């Protein structure tokens, strides 16, 4: 029995614990670095659905999102942005900015059926966003102008599928 | 020479970078501290004493906010500015607006915020419901000055809200 305890005592517990702590700290550092790059510099997102159709596919594209220019206020009409949906904070949506605060925007109320248009002035520090596919998009025409603070990033590049790799045209206006 | 100087400074630079990355992650994911400015939340938070409040961010993972919480959110009028107000109503609730005697329903994904000091507070009564996506965290404690340290309680105005 005492031999067992002697053998237990001979194991270098301290250096093992030190090593374990060191490794765990390295992993934590890696996670934190990923988080910081993802939240503050640039990240990847999957965009799905019909609302941005000519610019992005129905089945889901992986796009690169630039977080810096939103923070610096460099969002202009024509840019495709990723933002938190004003109708469900857990959902992110991709839309094209049509007007910034102070601009007046004219849009088709019911594009499939009538030619009726409506003109609104976007309030200060809000943006007017619309999908490129105006027939199947839920956007500012339904929920109105969106506060700038909901924009989380500017989509600038398509990464996947590879044949569609390339910059996303920021002024593909209709 | 330059290499030796670099070798001397390198551990320091590395430590700074690691510290920044770790603290940024902590601030984004767990908790941060904000300085309260303006009297709109008096007497819960008193800006005259330069109060600091602890903001908890874990509630944002699932948006499990309750009516009566004090929340920090980005101003819908100016995205550089953070505001501290009390969350009064959640999506789907009916609320009575005292200023114009109207009863309205909060739309999906929005919330209604008001300051405790109703007389001078610029809040949802002026700019309407605020998207929940603008919420940056929940104020749980006052951490400075020492004699004001304590929890921030959940509080509800009586009889104005009809939860769905």
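The numbers here are math on the coordinates, done by the rules we state, and not lab data. None of the values given here were measured: they were computed from a predicted structure. In this analysis, Cβ positions are derived from the backbone assuming ideal geometry, glycine residues included, and neighbour counts consider all displayed protein chains.
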Note down the nm distance, to one decimal, between modelled labels 7 Å out along Cα→Cβ at residue A:165 and at residue B:143.
4.5
Enter the mean number of other protein chain beta carbons within 10 Å of the beta carbon of each residue in A:138-144, as an integer.
1
Pair-distance profile P(r), taking every C-alpha pair of the stretch A:42-167, with 10 angstrom steps and integer %:
13, 46, 33, 8, 0
When chain B is modelled as a GNM with alpha-carbon springs shorter than 10 Å, which of B:41, B:122, B:24 fluctuates the most?
B:24
If one compares the long axis through the Cα atoms of helix B:2-29 with the longest principal axis of the Cα atoms of chain B, the angle in degrees, nearest 10, works out at 20
Could you tell me the distance between the Cα centroids of the stretch A:1-35 and the stretch B:144-164, to the nearest Å?
45
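I'd like the FRET efficiency for residue A:34 and residue B:47, computed as 1/(1 + (r/R0)^6) with the beta carbon distance as r and R0 of 45 Å, rounded to 0.05.
After rounding to 0.05, the efficiency reads 0.75.
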If R0 = 56 Å, then residue B:16 and residue A:113, at their Cβ-Cβ distance, give a FRET efficiency to the nearest 0.05 of 0.35
Given the DSSP H assignment, sum -39500 (n - 2.57) over each helix run of at least 4 residues in the protein assembly as shown and divide by its residue total; what's the result at 222 nm in deg cm²/dmol, nearest 500?
-6500 deg cm²/dmol
With each pseudo-label sitting 7 Å past Cα toward Cβ, what's the residue B:94-residue A:120 distance in nm, one decimal?
2.6
Given the options A:48, A:74, A:96, state which has the largest fluctuation in a GNM of chain A using a 10 Å cut-off (strictly under) for Cα springs.
A:74
Which of B:155, A:154, A:118 has the fewest other C-beta atoms within 10 Å, and how do the rest follow up to the most?
A:118, B:155, A:154
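Would you please classify the overall shape of the protein assembly as shown from the alpha carbon gyration tensor, given that a ≥ b ≥ c denote the square roots of the eigenvalues, rounded means a/c under 1.5, and beyond that prolate means a/b larger than b/c while oblate covers the rest?
Judged from the Cα gyration tensor, the protein assembly as shown comes out oblate (a/c at least 1.5, b/c at or above a/b).
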Quick check: residue separation of residue A:103 and residue A:10 times 0.36 nm, minus the Cα distance between them. What number comes out in nm?
25.9 nm
In whole angstrom, the spacing between the Cα centers of the stretch B:1-26 and the stretch A:105-136 equals 51
Most mobile of A:120, A:70, A:97 per a Gaussian network model of chain A (Cα springs, under 10 Å)?
A:120
